[in-house]
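The values are calculated or read from the model by the stated rules, or taken from the named source; none is laboratory data. Because the structure is predicted, anything quoted here is derived from the model rather than measured. Because the Cβ atoms are built from the backbone with ideal geometry, glycine has one as well, and the counts that use them run over all protein chains shown.
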Amino acid sequence: MQNEEFIMDFVTDAKKHLKNIEEILINVEEVELKNDEVEKLLRLFHSIKGTAVFFSLDKIVDLSNSVEEVLQKIKNEDCHINNEIINLFLVAHDVLYRFVNDIRNSENYSIEEVIIELNNILHNKQINEKKTNKKETNKIVNNNKINIENNKLMENEKISVDISTLNELFNYTGEMVVYKNRLFDMLRDHYREINGLGLLLQNIDRATRGLQDNIMKTRMQSVKIILNKFPSITREFSRQLNKEIKLKIYEKDIYLDRAVIEVLEDPLTQIIRNSAVHGLEDSIERLNNNKTEHGNISIKAYYKSGLVYIDILDDGKGIDIEKIKKVTVERDILSPLEVKKLSEEEIIKIIFKPGFSTESNVTKFSGRGVGMDVVKTNIEKIGGKIEVYSKKGIGTTVRFVLPIKISIIKALIVDVNKNIITIPQNYVLEVIKIIDENYMEKIVNIKNEYYIRYRDKLIQIVDSYPLIKEKKDLGKYNKILIIKNGNGYYGLSIDDALDIEDIIVKPLPFYIKDCDFYSGVTILKNGMVSLILDPNGVLKSLSQSIKNYELTNNNDFKEKISSKKLNEKNDFKVLAFICDKKLFGIDMSKISHLDNINFNEIKNDKNSEFVNHKGKILKLVKLNSDYSCSKKKYLVFPKENNDNQTILVDEIVGIYDNKIINVEKKFGKNNYEIKGILENKIIRIIDIYDLLRRQ
Amino acid sequence: MRKYLTFSIENNIYGVDLELVKEISSNVKITLVDYISKGFLGLLNLRGNVISIFQFYFLYNRKQKFSSKLNKLILLKKSDKVPEIFGFVVDEVLEIIDFDEEFVNLDVLNTGIPDNSFIKKVICSKNNVFIIDIEKFINKA
């Protein structure tokens, strides 16, 4: 066939057009078709028709023509758009897609049904027919315009490239950057010797930068590409199962590496199929259970803690735990005794076992038990995780947690003692400068642990020593990063924040896989490799150090009581401090902040002591009579401090969470005390307001 | 006959099976992350791939000083012995030697190097060449 090449071009183009058509149709499902969308659709169908005419692909021509006519009617407002029409368009789209994919046999497909239905729409509205005739001529005139616009559209269109080619390009670009930098290094001292060299190098720099930025972009694809396939897939399930299903997609600019996108489609389809077949009940059952008549499935894609989450939720009947248990025992997967021991979560996990299915009949949709196992393998293949949550009668959520590994993230590049480390930016709340002058105002030393004031919190600063194995005093660092992760905040001391870059996360090399603090590596713009910090890993080591925090320096606490018998816990955070060699505690939520003063700053007046703190005269509240033992004292500032009082304490021990065991509540003379045990030491928990009232 | 690539570290001559060698590179910049483990030196960007770089100096209880101009890297390819490409820093790359297995001296004791636990065998040519057991070396570093 001499037209072979042209036909292939047509196929590529038509596929592109069909993709655009689908995108528009999917997005208008809930709303009205806007005028410009109708225009676009008209143009797209028209282009398909236009080229198909050349190759005498009559059926494609006929079908596109019928759609076009209906669209024209909508445009002229002779006909109202409704779900039926959109569905019909989608069917037409699907048929055309099949044609295009199998272009040689396209003439063998039947299109009568669709065309008849399309014509029905045209003729049902015959009342308006007269108007249309007039405009028919306009349409032909307009066609010229449309073609011109179409050419403009082509400029923004896309071509497909092999991933391997892109990967090569990607690596070459990386190399190029390294060589460029080295070249710059070598020529640095010779700029003046060769005329024009400086400018040339500048241009090379700009060009390589541009090259690299754009190559980066090519690897990433919007997750929309696959999510947008699901409305039609769901419609198909809905039709075949005779269940009405509404699908909602929530997605906002989530980009993933092509490699991940390619793998995702099958698992997603499988999960949605499961929801449609097993999860969602039929409408009668749903109505009986006070649910909407139609079943609901939603897909949510979002970034969280440096990972991409895709949740597939349905409001069906949920996973039947009992049924899984039964089948597990029946098929000898586990013994009844073993099953009994399992938690609900663990039972749900059984569905991922190869060959597991609760359906006794193999149907077109399911029952072979290959589904979930394949889903799991596929997701794990790209380094992801799968989680299932289900509530009987309420619904099921399947969550894909996809790693940052292959996706691009924004990251902060920091310098920690001349080590360049990368931190995913979504963990970083703020960078706080701690230059010498205000060092003491921002940093509080509590029992050799440093805390930084951040808003109304005291956040522990993690020593970066475990990260880089080089000891350096906190005072020698310039900045503190406030890092937030799921469990809390902490500060990390750094020398400088250098840059923010889009990075591609690569897995840690095999030989340093067990490193807790780092989650991956990346190649920075300058070609150097940088480790990516895992804030969760760091926090693990932090909580370890808090847990192991011993009051070893305070031998004064000789009272030791076995804590084993006493289990009642306080569920608030406690600031522990020492006064008169006794350990006290105050509910953290009642404290605004801490500070330290020198003993000689305390002024005496009659029976009261005062201190001048930042221009304010504050009355000191003491828990002990003798306070001359050390030069340095700490002030604890209560919240809602109307009387300008502050509590004077000898030493701050730390902040403890849920670790204090109540021993007794004491009433009588000192009834503001609750006695408890903190790490084998007796602690007296004080009601701070009660204490202040007594003054 | 087997071919070995020999190299020197602190005046000792070591050898590695040439079949394992991927390439020798010099004048490269590596990111030092010598805090990961005692034998780990850093990471290299080799044409878009991140390669782990080890060093031998920890055997001599000394810190490796790496200079991209003076030091050379020997990179080993992935094989059943090497789970992932890696490289190590040497003072100098020497030569490739042929050696009949039968002349190999299997006595690795009294070799005069600080640690011989990862030495597979010793070849006696002009000097003693300590052939490295790569798997053992990785475990050690």
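Observations on the model:
- Taking the criterion of being under 19 Å from residue A:525 (Cβ atoms) and at the interface with chain A (Cβ under 7 Å from one of its Cβ atoms), the only residue of region B:34-43 that qualifies is B:43.
- Qualifying residue in region A:82-99 (condition: out of contact with any strand residue (DSSP E or B) (no Cβ under 6 Å at 6 or more places or on another chain), crowded, with 16+ Cβ neighbours inside 10 Å and not in a helix (DSSP H, G or I)): no
- Filtered by the rule that a residue be hydrophobic (A, V, I, L, M, F, W, C) and buried (at least 18 other Cβ atoms within 10 Å of the Cβ), region B:8-19 gives B:9, B:13, B:16.
- Candidate set from region A:502-535 (those that are outside any loop (DSSP other than H, G, I, E, B) and surrounded by fewer than 19 Cβ atoms within 10 Å (Cβ to Cβ)); member that is farthest from the other protein chains (Cβ to nearest Cβ): A:502
- Odd one out for residue B:56 among (1) at the interface with chain A (Cβ under 10 Å from one of its Cβ atoms); (2) at pLDDT 85 or above: (1)
- Checklist (1) within 14 Å of chain A (Cβ to nearest Cβ); (2) more than 20 Å from residue A:518 (Cβ to Cβ); (3) without any contact (Cβ under 8 Å) to a residue 60 or more places away in the chain applied to residue B:82, failing item: (3)
- Enumeration of residues in region A:172-198 that are at the interface with chain B (Cβ under 10 Å from one of its Cβ atoms) and under 16 Å from residue B:68 (Cα atoms): A:178, A:181, A:182, A:185
- Some residue of region A:242-256 being surrounded by 19 or more Cβ atoms within 10 Å (Cβ to Cβ) and part of a helix (DSSP H, G or I): no
- The set of residues in region B:50-66 being in a loop (DSSP other than H, G, I, E, B) and either surrounded by 22 or more Cβ atoms within 10 Å (Cβ to Cβ) or in contact with a strand residue (DSSP E or B) (Cβ under 8 Å, 6 or more places away or on another chain) (or both) consists of B:55, B:56, B:64, B:66.
- Pairs with Cβ under 7 Å, 6+ apart, first in region A:253-264 and within 20 Å of residue A:162 (Cβ to Cβ) and of a type outside the set (Phe, Trp, Tyr), second modelled with pLDDT of 80 or more and not in a helix (DSSP H, G or I): A:256/A:223; A:256/A:308; A:256/A:402; A:260/A:402; A:261/A:223
- Which numbered condition residue B:26 misses (of (1) at pLDDT below 90; (2) farther than 11 Å from residue B:88 by Cβ; (3) within 8 Å of another protein chain (Cβ to nearest Cβ)): (3)
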